[in-house]
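The values are calculated or read from the model by the stated rules, or taken from the named source; none is laboratory data. Remember, it's a predicted structure, so these values are computed and weren't measured experimentally. Note that each Cβ is placed from the backbone with ideal geometry, even for glycine, and that neighbours are counted across all protein chains shown. For the accessible areas, the whole protein counts, side chains as well, though only heavy atoms, and no ligand, DNA or RNA atoms are used. Shrake-Rupley method; radii C 1.70, N 1.55, O 1.52, S 1.80 Å.
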Amino acid sequence: MSLADLSATDLAIVALAAALIGFAKTAVAGTGTLAVALFAMVLPARESTGALLPLLIFGDMVAVATYRTSAHWPTIARLVGPVVVGVLAGAAFVAVSGDALMRRTIGVVILALVALRLAMLRWRPEQLERSQGRAAHWSYGWLGGFTTMVANAAGPVMSLYLLGAKLDKVAFLRTMAWVFA
């Protein structure tokens, strides 16, 4: 499939989704998840995750340039191993999955993230505070790596983990930028 195969409506949807990626990188909650759904609606599911990747990488480059300093490096260091394991598991899943399974998986991931977002709206900040022990690092890291590889949708997972780390707003944004870079 190439850009020439897309209708004017499809191109408009892809352009809207690309703009939403920019908003997602500025911490506007939910816009990245919507962009994933829009890309998967227009393109074959496996290709949609690949098509999003350059946009996300560019957004990460801008975010890192903006938030060059004061990331919380101990948090990032704790996540590296689990995220790599999740990315490798996601890559293996994508390698053996057909378009129908990928489309369903992206749908399940998006629905789970919407449910998570709705639950987060009901939680008070003190309810988000939790242990940042080894199990949390591995659970969130693995899930973040897997969801980023399969659906480019790890933002809510990592946000929840970093909210639990009780970082201040600037450290949260800087750490988030570096985690995805």
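Checking each residue in segment 159-170 for being in contact with a helix residue (DSSP H, G or I) (Cβ under 9 Å, 6 or more places away or on another chain) and in contact (Cβ under 8 Å) with a residue 60 or more places away in the chain picks out SER159, TYR161, LEU162, ALA165, LEU167.
Take the conditions (1) within 26 Å of VAL28 (Cβ to Cβ); (2) in contact with a helix residue (DSSP H, G or I) (Cβ under 9 Å, 6 or more places away or on another chain); VAL80 misses just one of them, which is (1). Being over 21 Å from TRP138 (Cβ atoms) and polar (S, T, N, Q) is a description that does not apply to THR75.
Only one of the listed residues (ALA91, ALA63) is assigned to a helix (DSSP H, G or I) and at pLDDT below 90. That residue is ALA63.
Step by step: first the residues of segment 99-135, then only those that are assigned to a loop (DSSP other than H, G, I, E, B) and touching a helix residue (DSSP H, G or I) at 6+ places or on another chain (Cβ under 7 Å), then the one that is modelled with the highest pLDDT. Which residue is that? Result: GLN132. Do we have any residue at all in segment 40-55 that's under 18 Å from LEU173 (Cβ atoms), surrounded by 15 or more Cβ atoms within 10 Å (Cβ to Cβ) and of a type outside the set (S, T, N, Q)? Taking every residue of segment 40-55 in turn, none turns out to be under 18 Å from LEU173 (Cβ atoms), surrounded by 15 or more Cβ atoms within 10 Å (Cβ to Cβ) and of a type outside the set (S, T, N, Q).
For (1) buried (at least 22 other Cβ atoms within 10 Å of the Cβ); (2) touching a Lys or Arg at 6+ places or on another chain (Cβ under 9 Å), each residue gets a yes or a no:
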{"residue": "ARG134", "(1), (2)": "no, yes"}
{"residue": "TRP138", "(1), (2)": "no, no"}
{"residue": "ASN152", "(1), (2)": "yes, no"}
{"residue": "TYR161", "(1), (2)": "yes, no"}
{"residue": "LYS166", "(1), (2)": "no, no"}
{"residue": "MET176", "(1), (2)": "yes, no"}
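Of all residue pairs spaced 6 or more apart or on separate chains, those with beta-carbon atoms under 6 Å, a first member in segment 86-115 that is touching a residue at least 24 places away in the same chain (Cβ under 8 Å) and a second member that is outside any helix (DSSP H, G or I) and open to solvent by 30 Å² or more (accessible area, probe 1.4 Å) are ASP99/PRO44.
Only one entry of THR75, THR66 meets the criterion of being touching a helix residue (DSSP H, G or I) at 6+ places or on another chain (Cβ under 9 Å), open to solvent by 70 Å² or more (accessible area, probe 1.4 Å) and closer than 16 Å to ALA181 by Cα, and that entry is THR66.
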